[in-house]
Every structure is written in C-alpha cells, then in structure tokens.
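Student: Take this structure, written in structure tokens, and hold onto it; I'll ask about it next.
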Amino acid sequence: MSEVVPHHPDDEHHSHESFKRIVAIAIDSSLFAEHALNWAIANYLQTTDLVVLLNARTFVTPPGTVYMDVANWIDQQEAFSRSASHKLLRSVAARLKGLGFACKAIALKGDVKDEICRKAKEVHADTLIVGSRGLGYFSRALVGSLVITVFITRIVGSCY
C-alpha cells in the first residue's frame, strides 16, 4: 500500500523519461537514514537524477492481549504515524529541491523491506540507497552490508 505525499501545487510533474537515472532513497527518522541521505547527496546524486524518497511504516498493532475495543486507539496511532511519515518526506524533499534535485516522495505502509523493494521496482529505480538500519559491525558482516549490496546490484536481484 503506498501513497504519493501531497505536495505544493506549484511543483512540477516529473516524467521518468526526462531523467538520466532514477535513484530511490529509503528514509526514516533515524541517524542511519540521515547518514545515507547525506552520503548520497555528497557522493552520488546528480542534478539529472529523479530522486524518489521512500518511507515505509508498519501496520499499527495494539500492545499485549486485547480485551477491549481498541479501534479508536489504532486509528489515532495510524493518523500519527501517517502524519509523521508525510512530515519527514516533505522535509527531506524540500531539502533536496533546495539543492537542485528533482524529487518525488512516497509514503508506504506494510512490511518495510517488501514495500521498499516493491516500490523501487515499480518506479523502475536504477539505484536504491538505504542506511544500515542501526546494525552493528558484526551484524552487518553476517548479513552483508545492505547499502553496498543494494547499491551495486540492480534492484531486481538485490531485493529478493
């Protein structure tokens, strides 16, 4: 499930054909995602790229055993989560646009890995850049550095 974050009416519609590359960047509110974004800005992105920002949030589930109606609580948590996702995407998109990059922001909901990979394929991203998700050195060594794996490998091979 995904939704394009509403943007300012003056923003132009971006045709994928008018860009040299489509670069998807998965972001969240962590320092790891911020580091990946800063790295991409400093070392990888070009003004001829279309940057597609992806923020995935999981489904809201009630804590513990449910003995009462929690529908209102779930609705409130979902609204908060959605609002935070849109605020983050708008903030990062404004920063990128200020630096001269064409940008599109998409909020996703569901399993984070599955949704990010699905959307990266759907937008025909040439590159997907993600942070380390807070994994330490040993954990990254065991599973392989996701950043390097995804960065070097085409989207189709790296997500599944």
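We did not get these values from a lab; they are worked out from the coordinates using the rules stated. Note that the coordinates shown come from a computational prediction; the quantities given were computed from them, not determined experimentally. Cβ atoms come from the backbone with ideal geometry, glycine included; neighbour counts cover every protein chain shown.
Student: With the checklist (1) touching a residue at least 40 places away in the same chain (Cβ under 8 Å); (2) within 18 Å of LEU128 (Cα to Cα) in hand, flag the one item LYS20 doesn't pass.
Tutor: Unmet for LYS20, out of (1) touching a residue at least 40 places away in the same chain (Cβ under 8 Å); (2) within 18 Å of LEU128 (Cα to Cα): (1).
Student: Quick one: in the range 40-84, which of the residues that are of a type in the set (Phe, Trp, Tyr) and either exposed (fewer than 14 other Cβ atoms within 10 Å of the Cβ) or touching a residue at least 60 places away in the same chain (Cβ under 8 Å) (or both) is nearest to ASP111 (Cα to Cα)?
Tutor: Only one residue tops the list, namely PHE59.
Student: Oh, and also: Given the criteria part of a helix (DSSP H, G or I), of a type in the set (A, V, I, L, M, F, W, C) and under 14 Å from the mean Cα position of the chain (by Cα), does PHE80 qualify?
Tutor: So PHE80 does not fit the description; no.
Student: What are the residues in the range 114-129 that are among the hydrophobic types (A, V, I, L, M, F, W, C) and assigned to a loop (DSSP other than H, G, I, E, B), if any?
Tutor: Restricting attention to the range 114-129, the residues satisfying the condition of being among the hydrophobic types (A, V, I, L, M, F, W, C) are 116-117, 120, 123, 125, 128-129.
VAL123, ALA125 - these are the residues of the range 114-129 that are among the hydrophobic types (A, V, I, L, M, F, W, C) and assigned to a loop (DSSP other than H, G, I, E, B).
Student: Working carefully through the options LEU37, LEU45, LEU54, find the one that is within 26 Å of ASP126 (Cα to Cα), in a helix (DSSP H, G or I) and not aromatic (Phe, Trp, Tyr).
Tutor: Testing whether each residue is within 26 Å of ASP126 (Cα to Cα), in a helix (DSSP H, G or I) and not aromatic (Phe, Trp, Tyr) leaves just LEU37.
Student: Taking the range 94-113, which residues are in contact with a Cys (Cβ under 7 Å, 6 or more places away or on another chain) and in a loop (DSSP other than H, G, I, E, B)?
Tutor: Within the range 94-113, no residue meets the criteria.
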